[in-house]
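The values are calculated or read from the model by the stated rules, or taken from the named source; none is laboratory data. Everything numeric here is computed off the predicted structure, so don't read it as measured data. Because the Cβ atoms are built from the backbone with ideal geometry, glycine has one as well, and the counts that use them run over all protein chains shown.
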Amino acid sequence: MRDDGGVDSKLRQRSAVFFLYLQQLPRWVPLVVLPALLIAGLAAPGVAGGVLLAVLAFLLWFAFLAAPARSASHRLVRIVVPAVILAVAVGKLVS
């Protein structure tokens, strides 16, 4: 497959170090950490919850970038899930 130098390609290149770190983690770590961040972010009041949810959205964005997109609906989920979590985080931060 040819690399056309698009935005997605540039993001992948700049994020390569983080992607390599994710690949070196044991498989159970994301399965424990991501739901724990979601639960803690939703349970924590105010700024603390907002920050935890923002970190979760950031980690999900990078995890989705690391995985290959299979279809248009998969690409949509890659954008919608972190965006919704980030919107909830902003809501917690401003309230």
Q. Do any residues in segment 22-50 that are touching a residue at least 12 places away in the same chain (Cβ under 8 Å) have Cβ atoms under 6 Å from those of residues that are surrounded by 12 or more Cβ atoms within 10 Å (Cβ to Cβ) and basic (Lys, Arg), where the two are at least six apart or on different chains, and which pairs are they?
A. Gly49/Lys92; Gly50/Lys92
Q | From Ala40, Ala57, residue being of a type outside the set (Val, Ile, Thr), modelled with pLDDT of 85 or more, surrounded by fewer than 18 Cβ atoms within 10 Å (Cβ to Cβ) and assigned to a helix (DSSP H, G or I) | A | Ala40
**Q.** Condition check for Val29: exposed (fewer than 14 other Cβ atoms within 10 Å of the Cβ), over 26 Å from Lys10 (Cα atoms) and aliphatic (A, V, I, L, M)
**A.** yes
Q: Report, ordered by the first and then the second residue, all pairs with beta carbons closer than 7 Å, sequence separation of six or more or different chains, a first member in segment 63-84 that is without any contact (Cβ under 8 Å) to a residue 12 or more places away in the chain, and a second member that is exposed (fewer than 14 other Cβ atoms within 10 Å of the Cβ).
A: Ala69/Arg75
